[in-house]
Amino acid sequence: MKILLVNGPNLKALGTREPAIYGHETLDQIVSRVKAAAAATGVALDAVQSDIEGELVAVINAARGVYDGIVINPAAYTHTSVALRDAIAASGVTTVEVHLSNTHKREGFRHASLTAPVCVGQVMGFGGAGYLLALDGLLDVLKTK
């Protein structure tokens, strides 16, 4: 089984960016933890991060037939990107959305996700551990397909 981990804009700044909201763990540390957890279950995991919407769309479009599932943190694009939403839907790849913070406890504009309706599930509010929960949930869904 092969999983793609996709991270959107500004997540490369984790560890120093608003640590009261996002914590002190860096994106590299989170990705390392998720890769180790995937490997422990015999799952291959590739990770990509981009601040550029079109690059994320291209990566998702290329995932069809290559990956069994996607874990995505669209970050700010969660609330604005019809293009990411459409790419996830068109890919046909089972996808779980993850967020470090609980977006429903934040500014009103963060309460709506354009991408969640085309994902099988959403995990938020658990910091970096949310990525592990998203991976576990995704693997469970894929095993029952």
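Can you list, bin by bin at 5 Å, the percent of alpha carbon pairs in the chain, starting at 0?
Whole-percent P(r) values from 0 Å outward: 2, 10, 22, 25, 22, 13, 5, 1.
Accessible area of the chain with a 1.4 Å probe: how many percent of it is carbon plus sulfur?
C and S atoms contribute 56 percent here.
Using only helices, what value at 222 nm comes out for the chain when you add -39,500 (n - 2.57) per DSSP H run of length 4 or more and divide by the total residues, to the nearest 500 deg cm²/dmol?
-11000 deg cm²/dmol
What does the accessible area per residue of the chain come to in Å², with a 1.4 Å probe and no ligands, DNA or RNA counted? Before the final figure, lay out each step's value.
Numbers: 6730 Å² over 145 residues.
Using a 1.4 Å probe on heavy atoms only, each residue of the chain averages 46 Å².
When you count, for each residue, the other Cβ atoms within 10 Å and take the mean per peptide, how do 87-93, 124-130 rank with the highest first?
87-93, 124-130
What trypsin sites (Lys or Arg not before Pro) does the range 8-103 have in DSSP loop regions with at most 15 other beta carbons within 10 Å?
Numbers: sites: K12, R17, R33, K35, R64, R85; in loops: R17, R64.
Taking the range 8-103 and a limit of 15 other Cβ atoms within 10 Å, the loop trypsin sites (Lys or Arg not before Pro) found are R17, R64.
Sorted by packing (mean other beta-carbon atoms within 10 Å per residue), highest first, where do 134-141, 46-53 land?
Per-residue Cβ counts within 10 Å, averaged per peptide and sorted highest first, yield 134-141, 46-53.
Starting from the Cα coordinates of the range 34-115, work out the convex hull volume and express it per residue in Å³. Each step should come with its number before you reach the end.
On the way: hull volume 7.9 nm³, N = 82.
Hull volume normalised by residue count: 97 Å³.
For a distance above 19 Å, tell me the whole-number percent of Cα pairs in the range 16-77 that qualify.
42
Among all lysine pairs in the chain that are eight or more places apart or on different chains, how many have alpha carbons less than 22 angstrom apart?
Number of lysine pairs found: 5.
Note down the nm distance, to one decimal, between modelled labels 7 Å out along Cα→Cβ at L133 and at I21.
For L133 paired with I21, the spin-label model returns 1.9 nm.
The values are calculated or read from the model by the stated rules, or taken from the named source; none is laboratory data. All values derive from a computational prediction rather than experimental measurement. Quick reminder, even Gly has a Cβ in these numbers, built from the backbone with ideal geometry, and neighbours come from all protein chains shown. Ligands, DNA and RNA are stripped out before the accessible areas are found, and what is left, the full protein with its side chains, is counted by its heavy atoms. Shrake-Rupley method; radii C 1.70, N 1.55, O 1.52, S 1.80 Å.
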